[in-house]
Amino acid sequence: MTSSQRILVTGATGAVGSAIVRRLTAARHDVYGVSSRGGPSPRQLAWRIGAEEPPGELRGPWDAVVHCAADTRWSLTVEEAEQANVAPLRALLKWMDDDTHFVHLSTSYATGLTGSVEPTSADAYRNTYEWSKAAAERLITSERASADIVRFPIVMGARDDGFLERYSGFFWLPAAMCSGAVPALVAEKDAYLDMVSTDDVAEHVRALAGQGPPGEVRLAILGGGDGAPRIVETFDTVLAAINGWREENGIPEIRPLPYVTMDQWNRFYLPFAREYLDRVQLMRVTAFQAYQGYLSVTEPFDVTHSVEPIVPTIFRSIRRWAEKHESTARRIPRPWRP
Ligand SMILES: NC(=O)c1ccc[n+]([C@@H]2O[C@H](COP(=O)([O-])OP(=O)(O)OC[C@H]3O[C@@H](n4cnc5c(N)ncnc54)[C@H](OP(=O)(O)O)[C@@H]3O)[C@@H](O)[C@H]2O)c1
């Protein structure tokens, strides 16, 4: 199937969805987008999937629906995560024709702490976001005879210039480093931190659209796998990118943060923090704890589609983040004192 297709992209204003819309449009498909609040173009409609009826303009048939819409926060309750990431999928599956090519974007971390999306208990996952993404995959497998599920890890910007529509998730880290919000990196230095570019995901989806619907529920896992950058290389790259930008702008460089193990953190830093830090400092430290599980992954993901080396893209994405978030990138870290 190579001719122009009518394709709907959900979550079209997001970091990944917007890159997919651009790529499919460049490939001359007839692309529409939806998101909770809608977007600036007449082809970007508002539809809070799962909570509202679709606007009339979205009447089918659609050759393909690419489902990027999600709430990626880790702080939701199980019920909220279900409402945010499973209920909209259920509504979408009900609304779509059976012969529409359904492409669902998931995350490599949907396999949680056990390496599988099968466990139904939230305890098997690092957070309710992972739990809801696993539940979404299970729902597709049980409801559809044909679909593409595409898992990928942390997303960086475009390979040539680091551009991202939204810098969220991982970009909390450079922000925290500039503000001094974290006192140390709680991480295994040799752990894998797998990442892809929005280009990798968008190109994969473009290729899938060209192939048409598969005869089964098919899983693709994008990433670097055992070639993914390690923590040390990633953090060195983040620091080099921030400091390069700071030097050009006449701002003192940030010093590298010390690494501490999870054990050291839990036994020394956290009890100290609880006793001596003020409420705001303690909130930051606690928020940072949510990242620990992602910075100690010693088994690489089994990938089905290896991406090109990502470190230069990390560098460009952090620089681009600094340009876009100048006031944060200019901050002088506050020293950690009780
Ligand atoms: N970013 C990553 O590092 C990463 C890594 C792995 C997998 N993923 C997956 O990639 C997909 C896209 O993530 P992203 O980072 O691009 O997210 P994002 O930047 O937060 O964008 C989320 C998009 O979904 C829309 N949305 C959320 N709930 C909706 C609903 N009920 N109905 C309609 N639209 C809704 C949002 O619209 P509004 O802006 O109007 O609210 C926004 O357009 C998700 O499935 C995520 O799980 C992301």
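The values are calculated or read from the model by the stated rules, or taken from the named source; none is laboratory data. Bear in mind the structure is a predicted one, so any value in this text is a computation, not a measurement. Reconstructed Cβ throughout: ideal geometry from the backbone, glycine too, with neighbour counts over all protein chains shown.
Summary table below
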| item | result |
| --- | --- |
| Filter result for the condition that a residue is outside the structural domain of Cys68 (by TED's automatic domain parsing) and either of a type in the set (A, V, I, L, M, F, W, C) or assigned to a strand (DSSP E or B) (or both), over Val103, Val150 | Val150 |
| Which listed residue is touching a helix residue (DSSP H, G or I) at 6+ places or on another chain (Cβ under 6 Å) and within 12 Å of the ligand (Cβ to nearest atom), from Ala15, Ala19, Ala46 | Ala19 |
| Residue among Ser197, Ser168 that is in contact with a Lys or Arg (Cβ under 8 Å, 6 or more places away or on another chain) and either in the same structural domain as Ser296 (by TED's automatic domain parsing) or of a type in the set (Gly, Ala, Ser) (or both) | Ser197 |
| Hits in the range 22-38 - residues which are part of a loop (DSSP other than H, G, I, E, B), free of Cβ contacts under 8 Å to residues at least 40 places away in the same chain and more than 8 Å from the ligand (Cβ to nearest atom) | Arg28 |
| Among residues of the range 264-291, those that are within 27 Å of the chain's Cα centre (by Cα) and among the charged types (D, E, K, R), counted | 1 |
| The range 66-91 - residue that is in contact with a strand residue (DSSP E or B) (Cβ under 6 Å, 6 or more places away or on another chain) and assigned to a helix (DSSP H, G or I) and, of those, surrounded by the most Cβ atoms within 10 Å (Cβ to Cβ) | Pro88 |
| Subset of the range 123-136 that is buried (at least 18 other Cβ atoms within 10 Å of the Cβ) and not hydroxyl-bearing (Ser, Thr, Tyr) - its residue that is farthest from the ligand (Cβ to nearest atom) | Ala124 |
| Qualifying helices (runs of 4 or more DSSP H) (wholly inside the range 254-338; at least 1 residues being among the aliphatic types (A, V, I, L, M) and closer than 21 Å to Leu222 by Cβ) | 311-324 |
